[in-house]
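Following: one structure in structure tokens, then a few remarks.
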Protein chains: 2
Amino acid sequence: MKITALAGGIGGGRFLRGLLRAVPDAEVTVIGNTADDIKLHGLHVSPDLDTVMYTLGGGVHEDQGWGRAEETFSVAEELAAYGAHPQWFTLGDRDIATHLVRTQMLAAGYPLSAVTEALCDRWLRHLPGRGVRLLPMTDDRVETHVVITEDGQSRAVHFQEWWVRIHAKVPADRIVLTGIESATAAPGVLEAIAAADVILLPPSNPVVSIGPILAVAGVRDAVASSGAPVVGLSPIIGTAPVRGMADAVLTTAGVDVTPVGVAGMFSDLLDGWLVHESDAASVAPVEALGIRCRAVPLLMHDVDATAAMAREALDLAEGVRGGQRNET
Amino acid sequence: MKITALAGGIGGGRFLRGLLRAVPDAEVTVIGNTADDIKLHGLHVSPDLDTVMYTLGGGVHEDQGWGRAEETFSVAEELAAYGAHPQWFTLGDRDIATHLVRTQMLAAGYPLSAVTEALCDRWLRHLPGRGVRLLPMTDDRVETHVVITEDGQSRAVHFQEWWVRIHAKVPADRIVLTGIESATAAPGVLEAIAAADVILLPPSNPVVSIGPILAVAGVRDAVASSGAPVVGLSPIIGTAPVRGMADAVLTTAGVDVTPVGVAGMFSDLLDGWLVHESDAASVAPVEALGIRCRAVPLLMHDVDATAAMAREALDLAEGVRGGQRNET
């Protein structure tokens, strides 16, 4: 079975780990968000790609959900001693090695997709089963900027600054995907969507993780025109994100912070949608959007619980296969 | 008193620390060798500048003589796990922060001299006394390459590779200063030589540290035409370098590995030369070159011993002031 998933960072990585546990023999391709990539201290940092890579490869800081296990911070201490900016984003030493390899390869002319493949050769090559292929959504530079108003002045900050420094406490007036107009899908992305038996949307941030991937030229169309069932998992339980601050960006995007609201963002794509068991009341409104819906446990407490979620998603995909999508 | 010194790494840094102890009120300008600079993992590394900076600033690994105290190696471990090359040069985490700042500033268009000033703002600004100004010999790229013969094949390797990986065990057929023809002195270098009351050559490697500095256009002439006394300290005691592998490059340069041989390399410049107390027999041959010579303790056991060496050098400079140089 070929599974293609569109993934952000923490939620994406954790879900994918459960997916691999559930179907170790599947051929999984992950299309990762790169719109929160950022240059820090001259290093090209790809937070979402790295979170997926570290999580699947066993190198992630488990409690934190991102960054490296057994991390040290000597470089960051020294950068602070030099007064180097920005100081609101702390890079760990082990993590920096990843960025050094990436930055050097990019400087040598390799596209991000080739760099990601090289980095994943360390982390994902030895996984059991068929393994995972991690593709950046694009090799072009796309950056999510958040327009905020401070002291009556409107200004745009990089998403990471809004998220990490401002903690999303200043409302986002607008979210702008800088560079998205000219970005083309990275090699293999459209092909992986076209070839998929199932397309999954893990419980990632719908606005700043899944949104940018779908905004890359051709990606949304490829998903919409794929013959494969498309199934997503709600990142919202009740009226709040399971983790992170997705509510802040959903509000900016004019989307209800509910499982139904998020499903509505992708109603042109979704065949199935999983909501949390406590959101059973959402099933009917989601199905009214023409999307098959089930209420199941959606808390990724551990890999087993997450594998069960992945099985539910695949089961729902199986249920819609030959169903509504083939009718359209 | 204005003192200008031409310095390599370990020997230079240690001598300068003694000099500052000896004459804390002197205005010291150090012209540092940059010909062993190297790009590693995309980072611009300036080993000699950093060794001087860390040594004078109190951040050096004392026993080792270079690199940072309390260093950690998480980045290097990870780079090795990625299989990143070269693996024969290990960068410490704290040290990497310096290279990140340098590399980013260079990429932003600042010349190495401005970068060095910015880095030294952390390390040298708070020194007691008049402090020290550290200038790179040039803002242009100069690299010392060593031509070696392996398996009958002649090839050039970066000096660092020959020194660190090969441990100078394969003889150097030739030493080439790549880029030296077009290199110009960094801002302040010629001025610091012209303005000096005393010019010192610390016990640095005469071929690959002092040699490249003097080879930058205008530097050797500026030293030769300076009215200030020029005094050096022999890096060779008996027939061996006090530290390092200077003998290997002296042989390649066709210079006797003796205090007299090294003095002869700079006989057009030197007014005074200090040899170690055990080399009293060298005094007469050095003086036969027209260079005032004294045999004194030259082992830099500690800062006090080194300060005594610096006093001897300044005393010798005072002795020749108004002496032979003014006669010429």
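Points to keep in mind about this one:
- Candidate lysines - alpha carbon under 28 Å from B:Lys39, same-chain residues fewer than 8 apart omitted: A:Lys39, B:Lys169
- Residue ranges B:273-284, B:230-241 sort as B:230-241, B:273-284 when ordered by packing (mean number of other C-beta atoms within 10 Å per residue, highest first).
- Charge dipole (debye, nearest 20) of the protein assembly as shown; +1 at Cβ of Lys and Arg, -1 at Cβ of Asp and Glu: 180 debye
- Shielding by partners for peptide A:196-206, expressed as the average number of C-beta atoms from other protein chains within 10 Å of each residue's C-beta, is 0.
- Folded to 0 to 90 degrees: helix A:112-123 orientation relative to chain A principal axis, Cα: 90 degrees
- Residue-count net charge about A:Pro297 - beta-carbon cut-off 13 Å; Lys, Arg +1, Asp, Glu -1: -3
- Across peptide A:78-86, the mean count of Cβ atoms from other chains lying within 10 Å of each residue's own Cβ comes to 5.
- The protein assembly as shown - share of DSSP beta bridges that are antiparallel (%, nearest 5): 40 percent
- Förster-model FRET efficiency, 51 Å R0, A:Leu299 and B:Gln64, C-beta, rounded to 0.05: 0.50
- Around B:Gly254: net Lys/Arg minus Asp/Glu count, Cβ-Cβ under 15 Å: -2
- Tensor-based shape of region A:36-83 (alpha-carbon gyration tensor, a/c under 1.5 rounded, otherwise prolate or oblate): oblate
- Interface size, chains A and B: roughly 2200 Å² of accessible area buried, both sides included, 1.4 Å probe, rounded to the nearest 100.
- Delta accessible area of at least 50 Å² on complex formation, residues of region A:101-140, 1.4 Å probe, chain isolated as reference: A:Gln104, A:Arg122
- Square roots of 5 times each gyration tensor eigenvalue, C-alpha, region B:188-328, largest first, Å: 21, 18, 15
- Semi-axis lengths, Å, chain A, gyration tensor of Cα atoms, sqrt of 5 times eigenvalues: 30, 23, 19
- Backbone HN-Hα couplings from phi across region B:131-148 [Karplus 6.51/-1.76/1.60, Hz, Gly and Pro as x]: x, 9, 10, 10, 10, x, 4, 8, 8, 8, 7, 10, 10, 7, 10, 10, 8, 10
- Under 5 Å from the amide H of A:Leu233 lie the amide H atoms of A:Leu201, A:Leu274, each residue being 5 or more positions distant or on a separate chain, with H modelled from the backbone and absent for Pro and chain starts.
- Highest mean first, the peptides A:187-200, B:167-180, B:114-127 sorted by other C-beta atoms within 10 Å per residue fall in the order A:187-200, B:114-127, B:167-180.
- Proximal charge balance of A:His61 [Cβ under 12 Å; K/R count +1, D/E count -1]: -4
- Cα pair distances in region A:247-315, grouped into 5 Å bins until the bin that holds the longest one, percent each: 4, 18, 24, 22, 20, 10, 2
- If both residues of a DSSP beta bridge must be in chain B, then about 40% of such bridges are antiparallel.
- Surface accessible to a 1.4 Å probe, per residue, for the residues of region A:179-235, Å²: 28 Å²
- Between the residues A:His167, A:Val142, A:Gly211, the greatest Cα displacement towards the positive end of the dipole of region A:136-243, with unit charges on the Cβ of Lys, Arg, Asp and Glu, is found for A:His167.
- Taking the accessible area of region A:1-65, probe 1.4 Å, and keeping the other protein chains in place, the carbon and sulfur fraction comes to 46%.
- Applying the Karplus relation 6.51 cos²θ - 1.76 cosθ + 1.60 with θ = phi - 60° to region A:5-13 yields 3J(HN,Hα) values of 10, 9, 9, x, x, 4, x, x, x Hz, where x marks Gly and Pro.
- With semi-axes defined as the square roots of five times the eigenvalues of the C-alpha gyration tensor, the equivalent ellipsoid of the protein assembly as shown measures 64, 24, 19 Å, largest first.
- The per residue volume of the convex hull around the alpha-carbon atoms of region A:115-183 is 126 Å³.
- Computed magnitude of the charge dipole of region A:40-174 (debye, nearest 20; Cβ of K, R +1, Cβ of D, E -1): 380 debye
The values are calculated or read from the model by the stated rules, or taken from the named source; none is laboratory data. All values derive from a computational prediction rather than experimental measurement. Positions of Cβ are backbone-derived with ideal geometry, glycine not excepted, and every protein chain shown enters the neighbour counts. These accessible areas exclude ligands, DNA and RNA; they are computed on the full protein's heavy atoms, side chains included. Shrake-Rupley method; radii C 1.70, N 1.55, O 1.52, S 1.80 Å.
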